[in-house]
Structure formats: structure tokens, C-alpha cells
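Here the structure is laid out as C-alpha cells; the discussion comes afterwards.
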Amino acid sequence: MKTNRTFTMLKPDAVEDGHIGAILAKINEAGFKIVAMKMTQMSRRDAQLFYAIHADRPFFSSLVEFMVSGPIVAAILEKENAVEDFRALIGATNPADAAEGTIRKLFAKSIQCNAVHGSDSDENALIESEFHFATREIF
Ligand code: CMP
């Protein structure tokens, strides 16, 4: 995958609250092109693997239960400087610290139920994209 791509999930809280359309509109307005997208529900094993880097953190089991609690929307986004620009668009992990106008400021409920995920590096964008999508699902 090219390095001008990042991976995102609209998390169960955002989907349950009916924010899919509004969040995708913000993503499009910010200049990202959607090159892969699906609505799916992660299994417990999926969530444990996806967030394996956080396995030792005290919030890990709660995070896994949250991520399997309902459907998510997974997508791959394309834009120059995608990883960094998308993290700026979504704002800080904790919505209380997120800048005005960011997706998490607008839609997140808490540090855990924070509406969206965004990859933190080109390397992880590729790993996370391949976790969720087959090559034939990426355009
Ligand atoms: P995300 O960007 O997907 O990466 C890891 C996730 O763990 C994060 O968003 C939050 O959903 C969750 N998370 C991070 N820190 C905390 C915390 N202190 N308490 C609970 N959940 C957290």
C-alpha cells in the first residue's frame, strides 16, 4: 500500500449514535478519498489482536469489550500526508483534550468511546489496513 494512506475505524459508539454520515462528510470535506470501506463487527479475538500493543494497559479488557459491542465502519483513506493530517482531523485521544472542530471533540463521549481510530504511522496504517481488508477490497 502507498504511504499516502491511513486506516480508520468509526467505533461502536459513533455507529450506535448515528454519526456515520456526519463523520464521513468531515473526512471527505478534509480532502480524504475513501479507497476501501466496510461495516463489520469485530470478534473478541480480532479486537485483542488489533489492539495487542495495548495488552498490558489497565484499560485493555474494557477496550476490547467496547470494540466488540457493536458494528464498526473500517476504511482506508488516501491523501498526501494522510497519517498526520488524519490525526489532526480527529483530535486528541481524550475528547476533553481535543481541539474545537475535530471529530472527537464533536462526536466522542470519553477517552475509551472516542468515536474514531486513526493509524499512528505509515507502518501501522499498512498493518491495520491488511488486518481488515483483502487486496481485492482496496481500490
Ligand atoms: P485509539 O486511537 O483507537 O487507540 C487505542 C484506544 O484505546 C484509544 O483510541 C481509546 O479508545 C482507548 N484508550 C486509550 N487510552 C485509554 C484510557 N486511558 N482509558 C480507556 N481507554 C483508552
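The values are calculated or read from the model by the stated rules, or taken from the named source; none is laboratory data. The model shown is predicted, which means the values in this text are computed figures rather than measured ones. Quick reminder, even Gly has a Cβ in these numbers, built from the backbone with ideal geometry, and neighbours come from all protein chains shown. These area figures cover heavy atoms from the full protein model, side chains too; ligands, DNA and RNA do not enter into them. Shrake-Rupley method; radii C 1.70, N 1.55, O 1.52, S 1.80 Å.
Descriptive notes on the structure:
- Set side by side, the residues ALA92, ALA99, ALA47, ALA82 differ, and just one is farther than 25 Å from PHE139 by Cβ and open to solvent by less than 10 Å² (accessible area, probe 1.4 Å), which is ALA47.
- Residue check, ALA74 part of a helix (DSSP H, G or I) and within 14 Å of the ligand (Cβ to nearest atom): no
- Restricting region 1-34 to residues that are among the polar types (S, T, N, Q) and open to solvent by less than 10 Å² (accessible area, probe 1.4 Å), the residue that is nearest to the ligand (Cβ to nearest atom): THR8
- Residue ID - farthest from ALA52 (Cα to Cα), chosen from residues in region 111-129 that are open to solvent by 40 Å² or more (accessible area, probe 1.4 Å) and within 13 Å of the ligand (Cβ to nearest atom): ILE111
- Total residues in region 1-40, condition outside any helix (DSSP H, G or I) and either in contact with a strand residue (DSSP E or B) (Cβ under 7 Å, 6 or more places away or on another chain) or of a type in the set (Gly, Ala, Ser) (or both): 20
- The number of residues in region 89-110 that are touching a Ser or Thr at 6+ places or on another chain (Cβ under 7 Å) and within 10 Å of the ligand (Cβ to nearest atom) comes to 1.
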